[in-house]
Amino acid sequence: MSAWLRLHRQALADAGRRLAAQPVASAVAVVVIALAVALPVLAFALVQSVSRATAGLDTDPHVNVFLSLEATDADVRRIEAALKAHPESASVRFVPRDKALEELKATSHLADLLANLERNPLPHAFSVRTKSSEAARLASARAEWAALPAVDQVSAEFEWAEKISRWTRFAARALAGLAAVLAAAVLFIVGHLIRLQVVTMKEEIEVSQLIGATAADVRRPFLYHGLLQGLAAGGVAIALAAGVIAWLNAELSALTSSYAYEIKILFPGPDTLIATVAAVVALGVAGAWISVSRELRRFSQAA
């Protein structure tokens with residue numbers, strides 16, 4: 001076991017010396033790989049933020065029926081009876097204007113402004129759960145409800161939430177495709193860089209093989225080179241993503257400071273970050289393995 005550990009310590013030290021011997025080239029390679037990795041990290045943060053922001057949106061089929069400000073209690077009872085009797089209605093919930101104002105004050109930053117109003121600007125409303133989300137049936141029901149006396153507006157806001165959810169799912173699939181493409185790019189970059197080193201060390205490798213070095217012995221330092229390169233690139237990618245997200249959040253905070261809701265991009269959690277670094281390290285090792293093995297086969301064929 002001690003001999004095995006010694007071999008790996010020597011290979012790790014050799015890989016570190018090779019990286020330190022060419023600091024500029026090593027730094028450029030790490031930055032290039034980090035940029036390729038930072039893109040899917042940023043995309044994941046955006047998709048995750050949108051998903052969490054839209055998770056609370058109501059996507060169940062429902063229609064909001066807003067009454068006019070002049071609607072009386074008799075109008076409320078008459079419209080409620082008409083909505084409940086409609087064949088498309090699954091359930092009907094009445095939202096009094098006073099309750100709607102209280103909820104708006106509690107859930108927004110406009111409480112002080114709303115408190116200074118002389119009268120309640122919000123109307124009575126009904127939230128109607130519909131039995132179907134088919135466009136034709138909803139359009140027919142909305143037209144009938146909009147024609148009721150004392151009804152000011154009818155809207156199906158869940159359609160927007162449903163569209164956002166669909167776009168979020170599409171973005172997640174697109175992100176998976178982007179991650180796969182960039183992973184292939186990282187694999188190619190690492191493999192190409194390692195290949196150049198193997199080619200420049202061809203004579204040294206051939207001499208070592210003549211005195212008994214196996215393919216595993218030749219391959220080991222390069223594998224650690226790919227590991228160290230991937231580890232450094234993963235760390236730099238996370239730092240770049242963190243910096244960009246912090247900058248974007250500062251800009252969003254300045255833009256939305258006067259709005260009722262705060263928009264913020266969430267940074268990925270520790271599990272995601274660890275998985276990202278581990279994936280980059282694995283790609284670095286895999287790229288080194290593939291490149292070195294291919295060059296060794298070429299050396300043996302040329303001999």
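Throughout, read-outs are computed from the coordinates displayed, never taken from laboratory work. What you are looking at is a predicted structure, and each value in this text was computed from that prediction instead of being measured. Cβ atoms come from the backbone with ideal geometry, glycine included; neighbour counts cover every protein chain shown.
When ranked by the protection proxy of mean other Cβ atoms within 10 Å per residue, highest first, what sequence do the peptides 119-128, 77-86 form?
119-128, 77-86
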Peptides 222-232, 39-49, 243-253, 64-74: what's the order by average Cβ count within 10 Å, highest mean first? 222-232, 39-49, 64-74, 243-253
Take peptides 22-35, 276-289 and line them up by average Cβ neighbours within 10 Å, highest first, as a rough protection proxy. 276-289, 22-35
